[in-house]
Structure formats: C-alpha cells, structure tokens
1. Count neighbours as other Cβ atoms within 10 Å of each site's Cβ, and list the trypsin sites (Lys or Arg not before Pro) in region 71-100 that are DSSP loop with at most 10 such neighbours.
2. Tilt of helix 78-95 relative to the longest C-alpha principal axis of the chain, in degrees (0 to 90, nearest 10)?
3. Give the calculated FRET efficiency between Asp43 and Ser22 to the nearest 0.05, with a Förster radius of 22 Å applied to their Cβ-Cβ distance.
4. Give me the dipole magnitude in Debye, nearest 20, for region 67-129 about the Cα centre, with unit charges on the beta carbon: positive for Lys and Arg, negative for Asp and Glu.
5. With unit charges on the beta carbons (Lys and Arg positive, Asp and Glu negative) and the dipole taken about the Cα centre of the chain, which residue among Tyr92, Pro111, Thr37 sits farthest to the positive side?
6. Given a Förster distance of 41 Å, report the FRET efficiency between Asp116 and Lys64 from their Cβ-Cβ distance, rounded to the nearest 0.05.
7. Strictly over 28 Å apart at the Cα level, which of Lys49/Lys85; Lys33/Lys85; Lys9/Lys54; Lys97/Lys127 would you flag in this model?
8. Could you give the size of the charge dipole of the chain about its Cα centre, using +1 on the Cβ of each K and R and -1 on the Cβ of each D and E, expressed in debye and rounded to the nearest 20?
Amino acid sequence: MDSHIDNYKRVITSTLNVIEKSIDDFIHLLSDKEKITYEISYDSEDNIKEIINKLNNLREYIQKFSIKYPLAKEKYSLKKILNSKKSTWVIYLEEIKSFNIEKKYSIKIPPTSDYDKDLNSIIKFIKSI
C-alpha cells in the first residue's frame, strides 16, 4: 500500500481520535457522577440530555465517516496509558508539596505536619495502581 495514503489515514484517524476523546470527556463531565474537587453550574436553558444526545450523534457521524473512508482504529496499550497517567498525577502532586509551592510561588502553606505526609500517601497509592 502507498505510504502516502497510510500517512493520510493516520492524520485523519489521529484528529478524529482527539475529537472522540474530547466528546467522551465532555459526556463524562455531564454525567451524574459526583465530582470531588469541582462542580458544574448549569444555565437555566441548558438541556443536559439534549447536549448528551447531540454529542452521541456526533460520535455516530465520526463512526460513519470512519467506515466510509476505511480508517483503522488506533490501538493503545492500557498499561502504557495507565503508566502515563500515573506519572502525570505524581508530577502534579509533587508540584503542590509545601516546599515547591513556597519556592515557586512564595506562598507559605499554613503549618500542618500532615500536609506533605498526606500528599506522599496519595503518591504512594498512585504508584501502587
């Protein structure tokens, strides 16, 4: 097969993949699952069911497009995805340790002996996943 055509399909698949993941994230955002560190405020005119329905319709359009222009699914290793996410989560948590906040932002964390210890517990748990 012509590598130019393969490259063309890879570009299209990658772009559609990013859109599909974004749709999935948005549908999850609208789910009833309780959020721990944030909440979503809705305007009175927001119709969540209608938005989710339209997002699912968009997924169908992408699916039909992928079939019409035979695009292969990108394949991901669950282990690699999880390890990547874990690394990112640990980096984020390391950044909010008291020493780093004070050093980077000149902000002092109110003194509590458990703050960094608790962060380390979360980090340790992440590494065990």
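1. On the way: sites: Lys73, Lys75, Lys79, Lys80, Lys85, Lys86, Lys97; in loops: Lys73, Lys75, Lys97.
Filter output for region 71-100: Lys73, Lys75.
2. 40
3. Details: r = 21 Å, r/R0 = 0.95.
E between Asp43 and Ser22, to the nearest 0.05, is 0.60.
4. Numbers: 14 positive and 7 negative charges, 103 e Å.
Dipole magnitude for region 67-129 comes out near 500 debye.
5. In the chain, that residue is Tyr92.
6. Details: r = 52 Å, r/R0 = 1.26.
Calculated transfer efficiency: 0.20.
7. Numbers: Lys49/Lys85 30 Å; Lys33/Lys85 21 Å; Lys9/Lys54 26 Å; Lys97/Lys127 17 Å.
Violating the 28 Å limit, Cα to Cα: Lys49/Lys85.
8. Values: 23 positive and 20 negative charges, 154 e Å.
Dipole about the Cα centre, nearest 20: 740 debye.
Rule-based calculations on the coordinates, nothing more; no lab input. These numbers come from a predicted model, not from an experiment. FYI the Cβ positions are ideal-geometry reconstructions off the backbone, even for glycines, and counts take in every protein chain you see.
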